[in-house]
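A.B. asks: Take a look at the following structure, please.
The values are calculated or read from the model by the stated rules, or taken from the named source; none is laboratory data. Treat the numbers as computed from the prediction; the structure is a model and nothing was measured. Counting neighbours? That spans all protein chains shown, and the Cβs are built from the backbone with ideal geometry, glycine included.
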């Protein structure tokens, strides 16, 4: 059975076909985007670095498995909606992070540090490198920050739990 065109307007019919083609293209593009998102999640969760991201207000929007486990969470989704103030034992450290992250957002400049820290066991000490980078939305406006913590002494991101007080 052929499709009917009640107005007998060939332009209207071709517009409909064009719309269907666009919808089909969008569906295929969405499938591709989901695949890219899955790949990105795989990479982030299998890196040796500890990775997290926050919105402009310092509220965690996500993290990788390594970061979640390092701060005592079983699942990365548990961090969503929390702040450093809620997670850190040392409130001074939460305030320092908030101030530094606001500088990253306000100045649109990344922050990097290299620190010798004491681990949670109180005995071990190690070198870590931390990065905070502005995250920009599709309009080019800063929507938050990406944080990366790298254990410079081991190839694995063993629980750092350093003086950051998680």
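A.B. asks: Could you please let me know if residue 85 is at pLDDT below 95 and either within 14 Å of residue 59 (Cα to Cα) or assigned to a helix (DSSP H, G or I) (or both)?
C.D. replies: yes
A.B. asks: Right, here's the next one. When residues of the stretch 97-118 are filtered for being surrounded by 14 or more Cβ atoms within 10 Å (Cβ to Cβ) and at pLDDT 85 or above, how many remain?
C.D. replies: Of the residues in that region, 8 qualify.
A.B. asks: Could you list, in sequence order, all residues of the stretch 62-81 that are more than 19 Å from residue 128 (Cα to Cα) and surrounded by fewer than 16 Cβ atoms within 10 Å (Cβ to Cβ)?
C.D. replies: Answer for the stretch 62-81, where residues must be more than 19 Å from residue 128 (Cα to Cα) and surrounded by fewer than 16 Cβ atoms within 10 Å (Cβ to Cβ): 74, 75, 77, 78, 80, 81.
A.B. asks: Of the residues that make up the stretch 119-139, is at least one crowded, with 16+ Cβ neighbours inside 10 Å, at pLDDT below 90 and assigned to a strand (DSSP E or B)?
C.D. replies: yes
A.B. asks: Let me ask another. Do you know which residues across the stretch 30-57 are at pLDDT 90 or above and farther than 21 Å from residue 129 by Cβ?
C.D. replies: Hits for the stretch 30-57 are 55, 56, 57.
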